[in-house]
Amino acid sequence: MSTSEPVRVGVVGLGTVGSGVVRLLVESADHISRHAGRPIVVERAVCRDVGRDRGLKLAADRVSSDIRTVSRDPSISVAVLLVGGLEPARSMMIELLENGKDVVTANKALLAEHGPELFDLARRKGRSIAFEAAVAGGIPIVAAIGECLAANRIESIRGILNGTSNFILSKMEEDGADYAEVLALAQQMGYAEADPSMDVDGTDATQKLAILSHLAFGTWVPWAEIPRTGIEHLDIELLSCAREFGHRIRLVAVASRTAEGRLAMRVAPALVRIGTPLAETRGAYNAVSIVGDAVGRMFFHGLGAGQMPTASAVVADIIDTVVGRAAITFRTTGVLDVDGPGRIAGADFQEPHFLRVRVADRPGVLSRVTGILGEHGISIASVIQHAPTAGSGAVPLVIMTHACSSTAIRRAVAHIEASDVVVGPAVCMSVLDD
Ligand code: HSE
């Protein structure tokens, strides 16, 4: 163990991740100090509910509800901001940077919304912001893109970036579990956001995609402009139909460079072929596949949510900050500079598509649906029709197309939905086979 002067850190936010970070810093102190070259001690912590017993080895007089106990303490050089949401997190980050602290954070919503402003402030103050834990939990994807793959022009990113929705989809498929029950379990396990609708409506994955794309392509795209569909409308029947075609359903985030040098981006559920890495990503695991022009395709896999995987990334960032690596990376990662928001290409993707419509059980209906697809230039690869859904008189009709334009199939689906043969909304998803 090193005998050098300890580095004192302040932890702001003692929720699931904040408590995990304190636990790791205390329980693995020797190991961490060997990597940092000096001991790292939690000098102060800030939380809303000061009196609550979290089972942490923190003296009561070290915990307060006032961020100034961290920001105005000259002995603290590194602040760990683990408060979620936009406010007061944004004001807290500004207070910490203004007062000369290097900041480590896991707050992706904050960076996706206010990243350019906060990065700019940190640069002006000569400070760093490290944010490995903001994307894909324990997977070191920020370091991989920002440092290890720096020689590459990144062509595309494809990933499962939300642990909660992946946990829900795999539990529904594997155990036939009910959506609401699995979501409640994901909350209990500490995977979900404070507002879990951000997990299931694709917001969380979209914010992470915006951050990764900023790093990978040097283009800052306001996350709300990225087309986004969540998993709330999926049901067990869809998961088992996908399986019949040899696929699973995953919430997949995609960003790729177009021939014109713009970015095509989206977050949406997609069918992924069983046996491919994305399809084998289960539970709260995340996965990211990146194609670089020199390195080719790389695949990263690991726990993307949960207390200790996220704490692992936060503590690695604290160590990087202490030894000075974070400052170098932050200063040299020029792609985080922003001239203005980048523009994304109209997200048209040429891919096979999966379509489920519930149709009236009468003659001529199948030819009507396939006829509309034909009118829009969409060629069908296979069709499965199941027995009528009990009591509804409607029959699920499931169609797999050959590769077609996502814009064309959207138009065709609107046309089919407006016809008199379908019952309720159709569900249409891309199919990713590689
Ligand atoms: N709620 C997030 C998830 C936590 O489920 O992936 C990690 O960002």
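List of remarks:
- In this entry, the chain is assigned a mean projected area of 22.2 nm², taken as a quarter of its C-alpha convex hull surface.
- What the Cβ-Cβ distance of residue 41 and residue 194 gives, at R0 = 35 Å and to the nearest 0.05, is a FRET efficiency of 0.75.
- For the pair residue 57 and residue 258, a Förster radius of 56 Å applied to the C-beta separation gives a FRET efficiency near 0.60, rounded to the nearest 0.05.
- Here r is the Cβ-Cβ distance between residue 155 and residue 273 and R0 is 25 Å; the resulting FRET efficiency, rounded to 0.05, is 0.75.
- Label-point gap, in nm, between residue 415 and residue 299 - each point 7 angstrom along Cα→Cβ: 3.7 nm
- Placing +1 on the Cβ of every Lys and Arg and -1 on the Cβ of every Asp and Glu, with nothing else charged, gives the chain a dipole about its Cα centre of roughly 700 debye.
- Heavy-atom accessible area per residue - the range 152-292, 1.4 Å, Å²: 33 Å²
- Distribution of pairwise C-alpha distances over the range 141-303, 10 Å bins, in %: 11, 40, 34, 13, 1
- The alpha carbons of the range 168-247 stretch over 41, 33, 18 Å along the principal axes, in descending order.
- Burial ranking of peptide ranges 158-168, 200-210, 304-314, 278-288 (average Cβ count within 10 Å, highest at the top): 158-168, 200-210, 304-314, 278-288
- Counting only alpha carbon atoms, the long axis of helix 108-124 and the longest principal axis of the chain meet at about 40°.
- Of all DSSP bridge pairs formed entirely within the chain, close to 65 percent run antiparallel.
- Highest-first packing order for the peptide set 79-90, 358-369, 114-125, 319-330 is 79-90, 319-330, 114-125, 358-369, based on the mean count of other beta carbon atoms within 10 Å.
- Ordered by 1.4 Å accessible area with all protein chains kept, 245, 131 run largest first as 245, 131.
- For residue 65, the solvent-accessible surface with a 1.4 Å probe is about 80 Å², rounded to the nearest 10.
- Summary value for the chain: 16 percent relative contact order, contacts being C-alpha pairs under 8 angstrom separated by 6+ residues.
- Rounded tilt (10° steps) of 163-175 against the dominant C-alpha axis of the chain: 50 degrees
- At a probe radius of 1.4 angstrom, the accessible area of the range 350-432 per residue rounds to 45 square angstrom.
- Full extension of the chain between residue 72 and residue 91 yields a length gain of 5.4 nm, computed as 0.36 nm times the residue separation minus the alpha carbon distance.
- In degrees, nearest ten, helix 365-375 long axis to first principal axis of the chain (Cα): 70 degrees
- The chain, accessible surface, carbon-and-sulfur percent (1.4 angstrom probe): 51 percent
The values are calculated or read from the model by the stated rules, or taken from the named source; none is laboratory data. Quantities reported herein were computed from a predicted structural model and do not represent experimental measurements. So basically every Cβ, Gly included, is an ideal-geometry build from the backbone, and we count neighbours across all protein chains shown. Each accessible area value is taken on the protein alone, full model and side chains, heavy atoms only, with ligands, DNA and RNA left out. Shrake-Rupley method; radii C 1.70, N 1.55, O 1.52, S 1.80 Å.
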